[in-house]
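Chemist: My questions will all concern the structure given below.
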Amino acid sequence: NMTYPDSTRFPVTRKLLKRLFSKIHVSTQHFYNGVPCWDWMAFRDKDGYGKTGYQFPGGKRFCPSVHRLMYQLFVATIPPHLVADHLCRRRCCVNPCHVEPVTSRENSMRSPISPSAINAQKTHCMRGHPFIGDNIATSPSILKRGSRRCRQCFNTGQQRRREGYRQAKLNKKK
């Protein structure tokens, strides 16, 4: 038996393993560190992750992500505060050797398409000012936690807004 973080006890049987492996295709085209991806050929959710269903006696259904299930079957339990990161960057892969438990932030920062990762790699703002030293605004009262803003551009924008307000007041008095 395997226990999930939500205390769901999941019976691991020969029948279950046979069923899981019957839906896996070992790729000849996709590898990570020389180890082939195991492509899930059955149901995938809207985001491309393999899912499988299990019905407990009594009718309760359990639909785990297959990459998490395989990792927990063959490697170790994934703690509740961690997510399963695909090292091969392929969501349909269920090879437990290609999965690593990491924080959600680490998972986002590793992704080549994540806005957080893309923005973290930027060295200059869109107007060309460098993100260094005093030119980085990170005040949590102004920004979301962990994000950066060009102080020079922010100050210029504030100045323009103030001038706009003054001009609007003058036009209103006329």
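Chemist: For segment 9-101, report the % of Cα-Cα distances exceeding 22 Å.
Modeler: 25 percent
Chemist: Looking at THR123, GLN29, ALA137, which one has the Cα that reaches farthest to the positive end of the dipole of the chain (charges on Cβ: Lys, Arg +1; Asp, Glu -1)?
Modeler: The Cα lying farthest towards the positive end belongs to ALA137.
Chemist: How much length is gained if the chain between GLN167 and SER104 is pulled fully straight, taking 0.36 nm per residue apart and subtracting their Cα-Cα distance, in nm to one decimal?
Modeler: Contour length minus Cα-Cα distance gives 18.0 nm.
Chemist: Which FRET efficiency value, to the nearest 0.05, do you get for SER116 and VAL12 by plugging their Cβ-Cβ distance into 1/(1 + (r/R0)^6) with R0 = 35 Å?
Modeler: So, using R0 = 35 Å, E works out to roughly 0.45.
Chemist: Would you mind computing, in nm to one decimal, how far apart the modelled labels at ARG91 and LYS60 are, each placed 7 Å from Cα along Cα→Cβ?
Modeler: 2.9 nm
Chemist: Shifting gears a bit: Among ASN107, ASN33, ASN155, whose mean-square fluctuation peaks in a Gaussian network model of the chain (Cα, cutoff 10 Å)?
Modeler: Comparing ASN107, ASN33, ASN155 in the GNM, the peak value goes to ASN155.
Chemist: Something else: Put a dot 7 Å past each Cα toward the Cβ at GLN159 and ASP134; how far apart are the dots in nm?
Modeler: 1.5 nm
Chemist: GNM on the chain, C-alpha springs below 10 Å: top fluctuator among MET109, MET41, MET70?
Modeler: MET41
Chemist: Let me know the volume per residue of the alpha-carbon convex hull for segment 74-174, in Å³.
Modeler: Once divided by residue count, the hull of segment 74-174 is 167 Å³.
Chemist: Now, a different point. Place the peptides 147-153, 56-62, 86-92 in order of packing, highest mean first, counting for every residue the other Cβ atoms within 10 Å and averaging per peptide. Display every interim value, and only then the final one.
Modeler: Working: 147-153: 16.4, 56-62: 8.7, 86-92: 18.3.
Put in order of decreasing packing, that is 86-92, 147-153, 56-62.
Chemist: Moving on to the next point. Between PHE74 and ARG148, how high is the FRET efficiency from 1/(1 + (r/R0)^6) when r is the Cβ-Cβ distance and R₀ = 45 Å? Nearest 0.05.
Modeler: 0.65
Chemist: Related question: According to the square roots a ≥ b ≥ c of the eigenvalues of the Cα gyration tensor, what is the shape class of the chain, taking rounded for a/c under 1.5, prolate for a/b larger than b/c otherwise, and oblate for the remainder? Kindly include the intermediate steps, with their values, before the conclusion.
Modeler: Numbers: a/c = 3.43, a/b = 2.51, b/c = 1.37.
Prolate shape, in that a/c is at least 1.5 and a/b is the bigger ratio.
Chemist: Can you tell me the dipole magnitude for segment 18-174 around its Cα centre, using point charges on the Cβ only (Lys, Arg +1; Asp, Glu -1), in Debye to the nearest 20? Can you show the working numbers first?
Modeler: On the way: 29 positive and 8 negative charges, 276 e Å.
Using only the charged Cβ atoms, the result is roughly 1320 debye.
Chemist: Per residue, what accessible area does segment 61-157 have, given a 1.4 Å probe and all protein chains present, in Å²?
Modeler: So segment 61-157 comes to 60 Å² accessible per residue, rounded to a whole number.
The values are calculated or read from the model by the stated rules, or taken from the named source; none is laboratory data. Because the structure is a prediction, the values reported are computed rather than measured. FYI the Cβ positions are ideal-geometry reconstructions off the backbone, even for glycines, and counts take in every protein chain you see. Calculation scope for accessible area: heavy atoms of the full protein, side chains included, ligands and nucleic acids excluded. Shrake-Rupley method; radii C 1.70, N 1.55, O 1.52, S 1.80 Å.
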